[in-house]
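Okay, so here's the structure we're looking at.
The values are calculated or read from the model by the stated rules, or taken from the named source; none is laboratory data. These numbers were taken from a predicted model, which means no experiment stands behind them. No Cβ is skipped: glycine too gets one built from the backbone with ideal geometry, and neighbour counts run over all protein chains shown. With ligands, DNA and RNA removed, areas are computed over all heavy atoms of the protein, side chains included. Shrake-Rupley method; radii C 1.70, N 1.55, O 1.52, S 1.80 Å.
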Amino acid sequence: MKAILVREFGPPEVMKVEDVELAEPTGTQVLVKIEAAGVNPVDTYLRTGIHAHAPNLPYTPGKDGAGVVQSVGDGVTRFKPGDRVYTAGSVSGTYAEYSICDESHLGSLPENVSFEEGAGVWTPYATAYRALFQKADAKAGETVLVHGASGGVGLAAVQWAKNAGLRVIGTASSEEGKQASLDNGADAVFDHTDEDHFSAIHEFTDRKGVDVIIEMLANVNLERDFECLAMFGRIVVVGNRGSVEFTPRQAMTKDATIYGMSLFNAGKDELDAAHEAIGLGLSQGFLKPPVGRTFPLADAPRAHTEIIETKAAGKIVLIP
Ligand code: NAP
């Protein structure tokens, strides 16, 4: 089968398509025929080798994907050949025609969700779910600022929050991204490249501020987030790509809480709860993974470049 292999850490071009032997699933393993693989920023960090969870070489990238169960090990109880699934982790990587996953990595993909959409389920929706509900404890009637609402996690957060009865404010920097935020349920959208957007959001909330901020670029925004945060507000740091000078008094004055979160740290109960909520949301249709751009598997280097360097408007997906 064809798979992307990374034989050395480095720039996107280290990802090359190779012929790889197809493995047999054993024990609780499931062999999934991957119809679409989701590209996430973390895939690019892992490829450079400097991430805390950097894999051993050589490896095939990708945790997110969607496809059909091909065969199962003799210890598998929840899935059978022919089942439609999304992956939430993979033993052998999802940038490939087939992927070995543990059955605990899999969720059922309802018929109303395409494989391309399914490739954008796990990391974005589980991250947004954990940030909103397992960290910030966001409640109906509150106001949330999704600071970076045009990408995978941001649009997922908009959909979750809207369905939960929150007032949702999004930010994006392109017209396409702003429209995507509105189309997915944001009540208002601001431009995070506008220096004044913090005060504009504060005005929009009648100067009360937002109760929750889901922060996609904390090194740029954390200091100024407090300009539009309500008293007793909660900020969840989801994305960060550098350092920031920060005045802790701001948190003190507002009795605010700053949470850090990484999906890598979620425990079994949290992951199970996320799978259950995602299953419900997909089948009821209030979760609809927005596909932005699709590329053939061989264009994985281009997909990695675009997810970091271009404006977001939904997920980037690879088709093996
Ligand atoms: P993505 O699809 O590439 O989207 C990136 C988002 O960041 C876009 O909405 C982009 O908006 C926005 N952004 C750019 N500049 C910004 C700014 N100055 N202020 C606020 N937002 C800004 O990536 P993603 O999958 O949504 O992930 C978002 C971030 O979360 C990444 O850093 C990723 O590594 C991280 N992440 C963390 C976890 C975790 O467990 N903690 C899990 C998944 C992802 P425009 O393109 O419209 O400018």
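Taking every C-alpha pair closer than 8 Å and separated by at least 6 residues, the mean separation divided by the residue count of the range 178-320 gives a relative contact order of 15 percent. Over the residues of the chain, the helix contribution to mean residue ellipticity at 222 nm works out to -8000 deg cm²/dmol, using -39500 (n - 2.57) for each DSSP H run of at least 4. Close amide H partners of I213, meaning residues 5 or more places away or on another chain with modelled amide H under 5 Å apart, are L145, R234, I235, V236.
About its Cα centre, the range 237-320 has a charge dipole of approximately 300 debye under the convention of +1 per Lys or Arg Cβ and -1 per Asp or Glu Cβ, with nothing else charged.
Annotation: D43 carries an accessible surface of approximately 10 Å², with a 1.4 Å probe and no ligand, DNA or RNA atoms counted.
The per residue volume of the convex hull around the alpha-carbon atoms of the chain is 121 Å³.
Largest first, the residues L109, L271, L280 sort by 1.4 Å accessible area into L280, L271, L109. Heavy-atom accessible area for T127, with the other protein chains in place and a 1.4 Å probe, reaches approximately 10 Å². Looking at the range 176-261, the chymotrypsin sites (Phe, Trp or Tyr not before Pro) that sit in a DSSP loop and have at most 16 other Cβ atoms within 10 Å of their own Cβ are F246.
Across the chain, C-alpha contacts under 8 Å between residues 6 or more apart give a mean separation that, scaled by the residue count, equals a relative contact order of 19 percent. Once all protein chains are placed together, E203 keeps about 90 Å² accessible to a 1.4 angstrom probe. Within the chain, the whole DSSP H helices whose Cα atoms reach 18 Å or more along their own axis and whose mean Kyte-Doolittle score is at least -0.5 are 268-284.
Kirkwood radius, the range 36-109, all distinct C-alpha pairs, inverse of mean reciprocal distance: 12.9 Å. For the range 124-264, what does the alpha-carbon gyration tensor say about shape, rounded, prolate or oblate, given a ≥ b ≥ c as the root eigenvalues, a/c under 1.5 as rounded, and a/b over b/c as prolate? Verdict is rounded for the range 124-264. Note on E111/S174: beta-carbon distance plugged into 1/(1 + (r/R0)^6) with R0 of 30 Å gives a FRET efficiency of 0.35. Once a ≥ b ≥ c are taken as the square roots of the eigenvalues of the Cα gyration tensor of the range 1-125, is the result rounded (a/c under 1.5), prolate (a/b larger than b/c) or oblate (a/b not larger than b/c)? It comes out prolate by the Cα gyration axes.
Simple rule: put +1 on each Lys or Arg Cβ and -1 on each Asp or Glu Cβ in the range 124-264, find the dipole, and look at G151, Q134, A186; the Cα lying farthest toward the positive end is Q134. Trypsin sites (Lys or Arg not before Pro), restricted to the range 104-152: which are DSSP loop and have at most 14 other Cβ atoms within 10 Å? Filter output for the range 104-152: K139.
Ordering V244, V168 by accessible surface, largest first, gives V244, V168; the 1.4 Å probe counts only protein heavy atoms, with every chain in place. Each Lys and Arg Cβ is given +1 and each Asp and Glu Cβ -1; about its Cα centre, the range 18-133 then shows a dipole of about 420 debye. With Cα atoms as the point set, the range 198-320 shows a radius of gyration and Dmax of 18.1, 52 Å.
Rolling a 1.4 Å probe across the protein heavy atoms gives the range 199-305 an accessible surface of 51 Å² per residue. How much of the accessible area of the range 124-264, in percent, comes from carbon and sulfur atoms when a 1.4 Å probe is used? Carbon and sulfur together cover 49 percent of it. The mean sequence separation of alpha-carbon pairs under 8 Å and at least six residues apart, normalised by the residue count of the range 255-320, gives a relative contact order of 31 percent.
Its Cα centre serving as origin, the range 170-320 has a Cβ charge dipole (Lys and Arg +1, Asp and Glu -1) of approximately 320 debye.
Apolar share of the accessible surface for the range 1-115: 52 percent from carbon plus sulfur atoms, 1.4 Å probe. Springs between Cα atoms under 10 Å define the GNM used for the chain, and in it the highest mean-square fluctuation of Q70, Q284, Q29 occurs at Q284.
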